[in-house]
1. Run the paramagnetic zone check for D522: 7 angstrom along Cα to Cβ, then residues of region 345-373 with backbone nitrogen under 12 Å.
2. Grab the beta carbon distance between V5 and L106, set R0 = 25 Å, and tell me the FRET efficiency rounded to 0.05.
3. Please list T255, T84 in order of solvent-accessible area, largest first, computed with a 1.4 Å probe with all protein chains present.
4. Which entries in K82/K380; K396/K502; K223/K355 show an alpha-carbon gap greater than 23 Å?
5. I'd like the FRET efficiency for C78 and M42, computed as 1/(1 + (r/R0)^6) with the beta carbon distance as r and R0 of 35 Å, rounded to 0.05.
6. Quick one: order S301, S95 from most to least accessible surface, probe 1.4 Å.
7. Work out, step by step, the length gained on full extension between L504 and K96: first 0.36 nm times the residue separation, then minus their alpha carbon distance; give nm to one decimal.
8. Where a ≥ b ≥ c are the square roots of the eigenvalues of the C-alpha gyration tensor, would you call region 345-407 rounded, which needs a/c under 1.5, or, failing that, prolate if a/b is larger than b/c, or oblate?
Amino acid sequence: MPGMVLFGRRWAIASDDLVFPGIFELFVRVLWWIGILTLYLMHREKLDCAGGALLSSYLIVLLLLLALIICTVSTIVCVSMKGTICNPGPRKSMSKLLYVRLALFLPEMVWASLGAAWIADGVRCDRTVGNGIIATVVVRTQTWCPVTSRQALRFCISNRTASGAARSPTRWSAVPQGPPSCRSQTTDYDLVGGDQLNCHFGSILQTTGLQYRDFIHVSFHDKVYELPFLVALDHKKESVVVAVRGTMSLQDILTDLSAESEPLNLECEVQDCWAHKGISQAARYVYRRLINDGILSQAFSIAPEYRLVIVGHSLGAGAAALLAIMLRNPYPQVRCYAFSPPRGLLSKSLYEYSKTFIVSLVLGKDVIPRLSVTNLEDLKRRILRVIAHCNKPKYKILLHGCWYELFGGSPEDLPTELDGGDLTQPLLGEQSLLAHGSPAYSFSSDSPLESPTRYPPLYPPGRIIHLEEEGTSGRFSCYPAARYSVRWSHESEFSRILIGPKMLTDHMPDILMRALDRVVSDRATCISCPAQGGSGVDVA
């Protein structure tokens, strides 16, 4: 956990972070040693040429030097495996071992330079031996300068990613591989913001399955507190649909990070109306556009018998929920479906008020519906507690996490709490993790920490439908396609951030839509399956 001190400076790498890099170097060095030994044994009879004795001595010394490096690296790996995250005592000799390892770079460099010089001088011996020595110089150079290779790889990847991003369309939710076409023709709908050649809109068309004539307004305008949105007519469901886009830009991130609470002036009998400031401002912006610009009036003039439905994902889900609350008075039949909304959105009274017309959908351990300032404080406290009480070395925890990601299983199989009683304060270099005076480091309570006044507890919108994956699955496991259970959940079930491999991927719109499609298909094959739970909300 604490950074190692080398050459009088504390570095951002701990003494237990060298297991996997050391194993990789050992693998390369051992293969290298075996290759040189094989080369020497097979061709030592052919070294009776001019300069052959010199090359023979070179290979013998190289074998001895590599053996010394292998022993040193093996010791570093073994020492790095000792102790726990917060108990670096068994690894106190790591600094000395690293000094020894660094000192071995000098003879390695000198010997590689000599080998290159001897080959360059034109030693006339077996060509295989010469090529072997050239290979040792090249391999050693790569060992000295791994950063250069990584930078080149990163450059290639970044170029490929940038070119791929330039070709990929803007997505509103689960977007297919690409739009059917990019049109430059004049359209009938109201378009705001940049969409060169209508490529983004082409993606929306293919995703929704609607026609050009079904869209009333499409806005790609994107600034802080001003989100892109669209208004369309869904004739199949007889609805005027307002869809608000989620986080996709730096401006959207700044809107997310405006996490202070601010009061809402609503024409309803709800007391204590508070909401997330950034999302509230974004909802007000969409509200002004819909009402003041007459966008909703235009939509209902075309289809006066339709009902109003507001949808969004992530940041867009929070804005959609607040927009539905703002439009509740003029449009009493409004319904909102918030996909993966943020938790820190509404005050308690607004949360209760929203249950009658807002439905939120959450997949698995998605972090965003559990994300609030209060929960972040609680997560920090719990992480510090787990680290302080962890009785497993870091490499075992990482291996278990990789196994869980690849082949599935239960992450609770690996205990991280010490058995029996409290843990005495572990030393982290010169100071203790628990030695801070701040109440944020108090482990005496399991309840979330109290937030400052500007961050009162906030709640997710409406009633919550929770989709949970049944059984276990991994990236390369032999399990069939994932199956999901669906149930109504209380907001208290999302009062803590859960750490897991899927806490971020469960938030992705395409993953959520795939889970919903699977649930719908499973329901279609089971006509007699009873509905789970009751609700005053129409979720058809």
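1. Label zone hits: 364.
2. Numbers: r = 22 Å, r/R0 = 0.88.
Given R0 = 25 Å and the Cβ-Cβ separation, E is 0.70.
3. Details: T255 0, T84 25 Å².
In descending accessible area the options line up as T84, T255.
4. Details: K82/K380 26 Å; K396/K502 20 Å; K223/K355 30 Å.
From the list (K82/K380; K396/K502; K223/K355), the Cα-Cα distance tops 23 Å for K82/K380; K223/K355.
5. Values: r = 33 Å, r/R0 = 0.93.
Here the calculated transfer efficiency is 0.60.
6. Details: S301 85, S95 35 Å².
Heavy-atom accessible area, descending, gives S301, S95.
7. On the way: separation 408, 0.36 × 408 = 146.88 nm, distance 4.00 nm.
Answer, rounded to one decimal: 142.9 nm.
8. Numbers: a/c = 5.52, a/b = 1.95, b/c = 2.83.
Oblate shape, in that a/c is at least 1.5 and b/c is the bigger or equal ratio.
The values are calculated or read from the model by the stated rules, or taken from the named source; none is laboratory data. Here the structure is a predicted model, which means the values were calculated and not measured. Heads up, the Cβs are rebuilt from the backbone with ideal geometry, glycines too, and the neighbour counts pull from every protein chain shown. Areas reflect the complete protein model, heavy atoms only, side chains present, ligands, DNA and RNA absent. Shrake-Rupley method; radii C 1.70, N 1.55, O 1.52, S 1.80 Å.
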